[in-house]
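The values are calculated or read from the model by the stated rules, or taken from the named source; none is laboratory data. What you see is a predicted model; the values in this text were computed from it and never measured. As a convention, Cβ positions derive from the backbone with ideal geometry for all residues, glycine included, and neighbour counts pool all protein chains shown. Accessible surface is based on the protein model in full, side chains and every heavy atom, while ligands, DNA and RNA are left aside. Shrake-Rupley method; radii C 1.70, N 1.55, O 1.52, S 1.80 Å.
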Amino acid sequence: MAPEPMRQLEDGENLEKRVSVYKDIVVTGVRDVPDSAAICTAAISGRTLSKEESARLVRKIDFNLMPLLCIVYLVQFLDKVSLSYASIMGIRQDTNLDLSQYSWLGSIFYIGYLVGEWPTNYALQRLPLAKWSSANIFMWGGILACTAACTEFKGLMVVRFLLGLCEACITPSFSLVTAQWYLKKEQGVRRGIWFSFNAMAMVVGAVMAWGLAKTGIEGGFAIAAWRVMFLLLGSITMALGVILLIFLPDSPLNARFLNKEERLLAVERIRSNQSGIGNKAWKLYQFKEALADPLTWLYCLASITLNIPNGGITNFFSIIITDMGYDPITSLLYGAPAGAVVMAGVLSVMFLGDFTRMRILCGCVGSLVGLMGVLLLWQLPMENQTGRLIGYYFVAVIIGGFTTVLSLISSNVAGSTKKSTVTALFMISYAVGNVIGPQTFLDKDAPRYDTALIVFTACIIVAVLTMLAIWSVNVRRNRANEAIRNAPGYVALQNQEFLDLTDRENPAFHYTC
């Protein structure tokens with residue numbers, strides 16, 4: 001059966017009247033109007049886009065959005081892993097940290113992330129997306145700079161917790177931006193591009209940390225090099241918060257880089273996504289549906305199991321390389337090639353996933369490459385430095401699997417409240433995995449860290465099996481929806497693409513596999 005058409009029109013008005021009410025609002029670009037404005041955008045545009053118009057519009061959107069997303073994502077990851085660089089640059093000695101305390105500095109970040117995830121997803125639905133994101137970026141830049149003033153474990157725990165609290169918004173925010181602006185078939189590659197700048201951050205960060213550490217050893221700074229690094233990164237992040245506030249639109253309806261007609265066409269272009277562009281109303285039935293949907297919990301299981309290895313490697317990669325026998329300063333540079341490998345891996349996984357229309361299976365391949373890296377680190381002799389270093393590089397490709405699952409939430413979850421709920425649960429699971437990861441590195445296991453590598457192996461196997469289960473559910477649901485659409489008497493709702501329907505309500509919805 002088709003969904004009940006009037007349930008989403010909460011004030012009881014019919015669609016024609018709603019179109020009249022919102023016509024002037026959409027054309028003039030007033031901010032923060034409800035998703036029903038998208039309905040009238042489709043209704044009054046009066047035409048479809050040609051391939052040439054669509055390509056021209058996508059180029060303009062890419063030119064204005066992608067550099068912002070990529071640069072901010074690069075810097076946020078650089079801020080996150082700066083602790084790993086600092087571990088080689090003297091922070092452990094200057095603040096008297098043992099390995100257990102250092103592990104907790106990695107975990108407390110994600111405990112802050114965990115605490116902040118649900119409130120920030122609620123805020124992203126209720127508040128202007130770009131303004132909330134830029135405010136959080138500005139605050140975390142200031143907090144990161146405060147790390148330079150810390151002299152003991154307690155102070156570092158406080159700033160790391162607050163840093164995680166503020167950074168909780170960035171991945172959900174950028175996922176919503178991608179879903180608002182791009183077709184499903186375009187989202188995987190775009191998400192792969194901005195997410196791969198995590199990898200670029202590893203290249204930039206390694207060279208930056210090496211240069212600062214070397215300058216510090218030569219006496220070029222009045223304070224410790226790691227303190228200079230935190231001050232520098234904090235200042236850059238605060239500046240980016242201001243830039244994002246100025247240039248990132250809250251939605252296609254108020255994008256200043258588009259003219260009036262282009263705003264209409266930008267929304268018309270994503271009609272086939274069947275997910276609208278956002279709705280400010282919180283809907284209890286969608287919240288309940290999110291909790292009852294088995295896919296929600298499969299996403300969460302994949303997120304936890306993929307991020308236990310990620311959390312461990314992200315916080316300990318400099319120490320892992322040093323324990324292979326490389327000197328501390330050189331180990332900073334050896335972290336750079338990992339970034340290039342990860343960028344190539346993530347972009348390949350996402351591009352091939354969209355090109356072959358087998359996104360989940362390609363994500364499984366990326367995860368298995370990461371498993372191969374874990375096995376090399378675990379099984380190769382300690383004296384085989386080169387082989388174990390290559391294994392470390394391969395481990396990082398596991399992020400391709402996580403990026404794949406993250407992209408499924410944008411593509412395969414519809415209904416604004418349901419999407420924000422599933423995203424919050426997914427990112428909470430991400431935080432839980434990253435809290436657990438650093439705790440698997442035990443002082444007694446150094447320098448091989450067998451316990452961590454055994455846990456990582458088990459997690460990746462479970463993650464791949466979970467992704468295959470997601471694929472199976474999606475295939476069955478697509479077949480069921482197709483059967484409904486082909487049934488006698490089925491009639492699609494007018495402009496149902498922009499009604500705030502969930503993926504389970506809308507028989508026209510197609511799950512990306």
Region 248-266, residues that are in a helix (DSSP H, G or I) and crowded, with 16+ Cβ neighbours inside 10 Å: PRO252, LEU253, ASN254, GLU262, ARG263, LEU264, LEU265, ALA266
Residue within region 274-285 that is assigned to a helix (DSSP H, G or I), modelled with pLDDT of 95 or more and not hydrophobic (A, V, I, L, M, F, W, C) present: no
Test result for ASN198, at pLDDT below 90 and under 16 Å from ASP79 (Cα atoms): yes
Failed item, numbered, when ASP35 is tested on (1) open to solvent by less than 10 Å² (accessible area, probe 1.4 Å); (2) modelled with pLDDT of 50 or more; (3) out of contact with any helix residue (DSSP H, G or I) (no Cβ under 6 Å at 6 or more places or on another chain): (2)
Top-ranked residue of region 427-440 - restricted to ones that are hydrophobic (A, V, I, L, M, F, W, C) and farther than 26 Å from LEU380 by Cα, ranked as surrounded by the fewest Cβ atoms within 10 Å (Cβ to Cβ): VAL432
Any chance ILE71 is modelled with pLDDT of 85 or more, open to solvent by 50 Å² or more (accessible area, probe 1.4 Å) and under 26 Å from ILE170 (Cβ atoms): yes
Residue identified as in contact (Cβ under 8 Å) with a residue 40 or more places away in the chain, under 24 Å from SER173 (Cβ atoms), charged (D, E, K, R) and open to solvent by 20 Å² or more (accessible area, probe 1.4 Å) among LYS131, LYS80: LYS131
Residue match in region 472-491 (condition: outside any helix (DSSP H, G or I), farther than 30 Å from ASN384 by Cα and among the polar types (S, T, N, Q)): yes
Helices (runs of 4 or more DSSP H) fully within region 318-397 counting 3 or more residues that are at pLDDT 85 or above and buried (at least 20 other Cβ atoms within 10 Å of the Cβ): 336-356, 359-379, 385-395
The lone exception for SER348 - which of (1) free of Cβ contacts under 8 Å to residues at least 40 places away in the same chain; (2) within 18 Å of the chain's Cα centre (by Cα) it fails: (1)
Residues satisfying the stated conditions in region 411-426, i.e. open to solvent by less than 10 Å² (accessible area, probe 1.4 Å) and at pLDDT below 90: SER411, ALA414, GLY415, THR417, ALA424
Number of positions in region 421-440 that are over 25 Å from ILE409 (Cβ atoms) and either in a helix (DSSP H, G or I) or of a type outside the set (S, T, N, Q) (or both): 2
Any hit, region 299-318, residues being free of Cβ contacts under 8 Å to residues at least 40 places away in the same chain and out of contact with any strand residue (DSSP E or B) (no Cβ under 8 Å at 6 or more places or on another chain): no
Test: residue in region 441-462 that is basic (Lys, Arg), in a helix (DSSP H, G or I) and surrounded by fewer than 20 Cβ atoms within 10 Å (Cβ to Cβ): yes
Every residue from region 137-156 that is closer than 30 Å to ASN254 by Cα and either surrounded by fewer than 23 Cβ atoms within 10 Å (Cβ to Cβ) or out of contact with any Leu (no Cβ under 9 Å at 6 or more places or on another chain) (or both): PHE138, MET139, GLY142
GLY211 being at positive phi and either of a type outside the set (Ser, Thr, Tyr) or part of a helix (DSSP H, G or I) (or both): no
